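This report refers to the structure that appears directly beneath it.
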Amino acid sequence: MTLTASEIDKVAREIRDYYRQESATVQIQKIKLNFYERAREAIESLDEMARSNISPERIDMYRKVMDKRDIIEKNLRNFLLKRYEKILRDSLFEIGSSIMDRLTSQEKVFIMDMHNRMSLYIDGLIQVKNIPQKEEIEPVGEIVNLVPEHEKTEPGKEMAVDTDPMRLVSVTAEYLPVATSIGDFYLHKNDILYIPVKAAELITEKKYARYVEILKK
């Protein structure tokens, strides 16, 4: 999507404002969920404007467009360095909803990935554990697909069905944040539940969960 000059200026102001907010506070600040997409659109729109002004007659306009692009990119990089410094710091500890609620979808994936990596690395420094990848259990009670609270529907209304294949896992880490195609969840040690395959692959690879095979009678 190509943005207009006024839309580009609005994005540029947002980047400056967000940078000032992040620089003035210790905690991560909440930003628009589509902020990164709009920032990329602004840069891409300026690139398009520059390409349309490559000629001797329009060289002054070309330079103005590229100067604006350079300023936006510089400010965006400064903002990202300040913001991701905080995200990396917070990834070292338990990640609660107060932090997750302030992040974009890209940042949620990043902070969870770094949290899992660092937790695994720190565990490796302390002691080496050989955790089996699979276990077999007898079914106890009813094991149901994980459905976030906000996706539960009222009686008489149809519920959207997630089409991603699901895998049954047993969680081995305490307070593990996981992003899935049906929502963000905070799992606890010994939880047994179905989650989408991609999320299951991530947490089992990091040894924060095991695949579970139910014995057939």
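FYI, it's all coordinate maths here, none of it is from the lab. Just so it is clear, the model here is predicted, and its values are computed rather than measured. Quick reminder, even Gly has a Cβ in these numbers, built from the backbone with ideal geometry, and neighbours come from all protein chains shown.
Brief remarks follow.
- Each residue in 178, 197, 212 was given a count of other beta-carbon atoms within 10 angstrom of its own, and listing them fewest first yields 197, 212, 178.
- Exposure proxy ranking, count of Cβ atoms within 10 Å, fewest first, for 192, 15, 126: 126, 192, 15
- Using every pair of distinct Cα positions in segment 45-103, the Kirkwood expression returns a hydrodynamic radius of 14.2 angstrom.
- For segment 5-90, taking the reciprocal of the average inverse distance between every pair of different Cα atoms yields a Kirkwood hydrodynamic radius of 13.9 Å.
- Applying a threshold of 27 Å to the alpha-carbon distances of 64/108; 32/206; 82/198; 10/86 flags 64/108; 32/206; 82/198 as lying beyond it.
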